[in-house]
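Peer 1: Have a look at this one.
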Amino acid sequence: MTRMWPPGGGTRRPLAPRVAAPREPVDPARIGRRVVRRRAKGMDAGAVAAALEDARFDVRQNSRHEDLGDDVRGRAELAEWERLDQLLTAAAPGTVYDPDVNDVVQAELAADAAAASAQEAELREAMRIAARADELQALRELGTLEQTEPRTGDEAARDELTRRAGGYVQADVDAWLAHALAAHLGHYRDPAAREEAAGLLTPPVLAHAALLAELARLVPGANVDELAFVARLATTEPEAADALAALLTRVEGTQA
């Protein structure tokens, strides 16, 4: 019979579906500006001025209809024609509009590319977290979670497992991370990772780890069953567990 670690560990849950890429919201203003730029490419100042008058007429006509009064795209098209009109009026005679060399357009394209890159990175990270949560879930099912060393980012996988469980704390996962943090296992061998964990893990997990670390120093060789009370104390009274850990540190100092 497989023994859960710690006793009374988290409830088994089915694997969550993979993360889907979010759909980009429709932006009528952006569509309007792009339409104007495509139409205006190759136009000179006179052609743009004529198109501007047409756009003004359309906006005036739409404003008379209640269902078209809030025409975001139409207003964006008008504003873009006005910008292009000013641009070509200030340019040398005979200049035609070319969006490929327009600073405003290129800045917008660069911003769009940066936003798309950031969104893609967020999606990759979400997929990585979901995959690691699947892996940890499988290890729980096999009863080998306690034998696994944590990796960078497992704090986020812990949060994902909690989310999948409807917000219920996964006691076995929390105890696994607390034990690893106390014993400096996996990525917690790095002091920077242990310091970062203070902002990534919940107070009960941190209190559990702190108390485990002090008890391990005072009672070397204590086994998991003997220290089961630490998880209960840290979960119900994290501040008391922290205070006890601090007191044990002082006691150890006076005995040195």
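The values are calculated or read from the model by the stated rules, or taken from the named source; none is laboratory data. Every value quoted in this text rests on a predicted model; they were computed, and no experiment measured them. When we count neighbours, we look across all protein chains shown, and the Cβ atoms used for this are built from the backbone with ideal geometry, even at glycine. What goes into the accessible areas is simple: the full protein's heavy atoms, side chains included, and nothing from ligands, DNA or RNA. Shrake-Rupley method; radii C 1.70, N 1.55, O 1.52, S 1.80 Å.
Peer 1: Among (1) in contact (Cβ under 8 Å) with a residue 24 or more places away in the chain; (2) not in a loop (DSSP other than H, G, I, E, B), which single condition is residue 95 missing?
Peer 2: It is condition (2) that residue 95 fails.
Peer 1: For the stretch 197-218, check the following and say yes or no: at least one residue is at pLDDT below 75 and not in a loop (DSSP other than H, G, I, E, B).
Peer 2: There is at least one residue in the stretch 197-218 that is at pLDDT below 75 and not in a loop (DSSP other than H, G, I, E, B).
Peer 1: Among the residues of the stretch 173-180, is any surrounded by fewer than 16 Cβ atoms within 10 Å (Cβ to Cβ) and part of a helix (DSSP H, G or I)?
Peer 2: no
Peer 1: Then there's this: Within the stretch 98-108, can you find the residues that are in a helix (DSSP H, G or I) and surrounded by 13 or more Cβ atoms within 10 Å (Cβ to Cβ)?
Peer 2: Within the stretch 98-108, 99, 104, 105, 108 qualify.
Peer 1: Please find, among 38, 18, the residue that is under 30 Å from residue 118 (Cα atoms) and modelled with pLDDT of 90 or more.
Peer 2: Among 38, 18, only 38 is under 30 Å from residue 118 (Cα atoms) and modelled with pLDDT of 90 or more.
Peer 1: Sticking with this one: So for the stretch 158-168 (the condition being of a type in the set (Asp, Glu) and more than 30 Å from residue 34 (Cα to Cα)), does at least one residue qualify?
Peer 2: Restricting attention to the stretch 158-168, the residues satisfying the condition of being of a type in the set (Asp, Glu) are 159-160.
From what's left, more than 30 Å from residue 34 (Cα to Cα): 159-160.
Yes, because at least one residue in the stretch 158-168 is of a type in the set (Asp, Glu) and more than 30 Å from residue 34 (Cα to Cα).
Peer 1: I've got another one for you. Is it fair to say residue 155 is of a type in the set (D, E, K, R) and open to solvent by 60 Å² or more (accessible area, probe 1.4 Å)?
Peer 2: Spelling it out, it is not the case that residue 155 is of a type in the set (D, E, K, R) and open to solvent by 60 Å² or more (accessible area, probe 1.4 Å).
Peer 1: Next question, about the same structure. Which pairs turn up if I take residues in the stretch 115-139 that are within 14 Å of residue 156 (Cα to Cα) and look for partners that are among the acidic types (Asp, Glu) with beta carbon separation below 7 Å, at least 6 apart in sequence or on another chain?
Peer 2: 129/160; 130/160; 132/154; 133/160
Peer 1: Can you tell me which of 76, 130 is over 30 Å from residue 44 (Cα atoms), in a helix (DSSP H, G or I) and of a type in the set (A, V, I, L, M, F, W, C)?
Peer 2: 130
Peer 1: OK, next. So residue 75 clears everything in (1) touching a helix residue (DSSP H, G or I) at 6+ places or on another chain (Cβ under 6 Å); (2) crowded, with 17+ Cβ neighbours inside 10 Å; (3) without any contact (Cβ under 8 Å) to a residue 60 or more places away in the chain except one condition, right? Which one?
Peer 2: Among (1) touching a helix residue (DSSP H, G or I) at 6+ places or on another chain (Cβ under 6 Å); (2) crowded, with 17+ Cβ neighbours inside 10 Å; (3) without any contact (Cβ under 8 Å) to a residue 60 or more places away in the chain, residue 75 violates only (1).
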